[in-house]
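Structure first, then comments.
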Amino acid sequence: MPELSLKQFVPSEVCLKCDGCCRYKEADSAWRPKLGAGDKAGLADLITAGDVLDAQGYVKTIQSCGKHFCQFLNGGDNTCSIYTKRPFECSLYPFILAKTPDTVKVYAHLSCPYVQDHLPHVQFDAYVAYLKEFFHQADIREFLSRNKAMFHDYSLYAPELLYLFDLSLL
Ligand code: SF4
């Protein structure tokens, strides 16, 4: 994770009241966080000590009540037990980095209720402008270039996605 932290779009108090994230319908869901090599630093102790990632680099889940929960989710209060070290993708959500055959594109995930409530909205536009600046920073681009393994193909979810801009990374 780069030194420079990413400002959150969704306020924490809103996230903590929502049970949409961090749990998935399928065991192999594309929405599970995926770590690139350089994104593992904060979790190095856990990765060394335990069974944290699957062979593709996704955080493993725990099945319960017909869903697959991120192993770091505290289901009782929706908190993340590794919040300060969480994967970059978790910090970025409800914005995602989608791999296409020739580039990486930034989308907003329209399934997030907070996105639905703030679209169209001046706050949403301001955050997208902030994200563009964030991704232009040299250390962030270097981090992303070293972590292409965390990009995912979300083409199956196109109806849920709003295209924002191209990172021109590949
Ligand atoms: S690491 Fe934390 S924020 Fe990311 S999916 Fe798991 S519980 Fe959610």
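The values are calculated or read from the model by the stated rules, or taken from the named source; none is laboratory data. In this text, all values refer to a predicted model and were calculated from it rather than measured experimentally. Positions of Cβ are generated from backbone atoms using ideal geometry, with glycine treated the same way; all protein chains shown enter the neighbour counts. Areas reflect the complete protein model, heavy atoms only, side chains present, ligands, DNA and RNA absent. Shrake-Rupley method; radii C 1.70, N 1.55, O 1.52, S 1.80 Å.
Within the range 32-73, the set of residues being within 14 Å of the chain's Cα centre (by Cα) and β-branched (V, I, T) comprises V59 only.
Looking across the range 86-133, the residues that are free of Cβ contacts under 8 Å to residues at least 40 places away in the same chain and charged (D, E, K, R) come down to D117, D125, K132, E133. Screening D125 on (1) closer than 21 Å to K25 by Cα; (2) of a type in the set (D, E); (3) modelled with pLDDT of 95 or more shows it passes everything except condition (1). On the basis of being in contact (Cβ under 8 Å) with a residue 60 or more places away in the chain, closer than 15 Å to F151 by Cβ and touching a His at 6+ places or on another chain (Cβ under 6 Å), does A30 make the cut? Criteria met by A30.
Between L43, L6, the distinction of being open to solvent by less than 80 Å² (accessible area, probe 1.4 Å), assigned to a helix (DSSP H, G or I) and either in contact with a Lys or Arg (Cβ under 8 Å, 6 or more places away or on another chain) or closer than 25 Å to Y157 by Cα (or both) belongs to L43 only. Just so you know, in the range 30-40 the residues that are within 15 Å of the ligand (Cβ to nearest atom) and outside any loop (DSSP other than H, G, I, E, B) include one that is surrounded by the fewest Cβ atoms within 10 Å (Cβ to Cβ), and it is K34.
T48: closer than 30 Å to E133 by Cβ, of a type in the set (V, I, T) and open to solvent by 80 Å² or more (accessible area, probe 1.4 Å), yes or no?
Judged against the criteria, T48 is not a match.
Screening R146 against (1) in contact with a helix residue (DSSP H, G or I) (Cβ under 7 Å, 6 or more places away or on another chain); (2) away from the ligand (no atom under 15 Å from the Cβ); (3) open to solvent by less than 80 Å² (accessible area, probe 1.4 Å) leaves a single unmet condition, (3). Among the residues of the range 61-89, just one is within 10 Å of the ligand (Cβ to nearest atom), assigned to a loop (DSSP other than H, G, I, E, B) and among the charged types (D, E, K, R), namely R86.
Look through L92, L97 and report the one residue that is aliphatic (A, V, I, L, M), within 13 Å of the ligand (Cβ to nearest atom) and within 13 Å of the chain's Cα centre (by Cα).
Details: L97 fails: within 13 Å of the ligand (Cβ to nearest atom).
Answer to the check: L92.
For K25, are the conditions met, namely being within 15 Å of the ligand (Cβ to nearest atom) and under 29 Å from D117 (Cα atoms)? Steps first, please.
Details: within 15 Å of the ligand (Cβ to nearest atom): yes; under 29 Å from D117 (Cα atoms): yes.
In short, yes.
Can you find, within the range 51-85, the residue that is surrounded by the fewest Cβ atoms within 10 Å (Cβ to Cβ) among those that are of a type in the set (A, V, I, L, M) and without any contact (Cβ under 8 Å) to a residue 24 or more places away in the chain? The extreme case among them is A55. Regarding L169, is this residue part of a loop (DSSP other than H, G, I, E, B) and open to solvent by less than 60 Å² (accessible area, probe 1.4 Å)? Taking the combined requirement at face value, the residue satisfies it.
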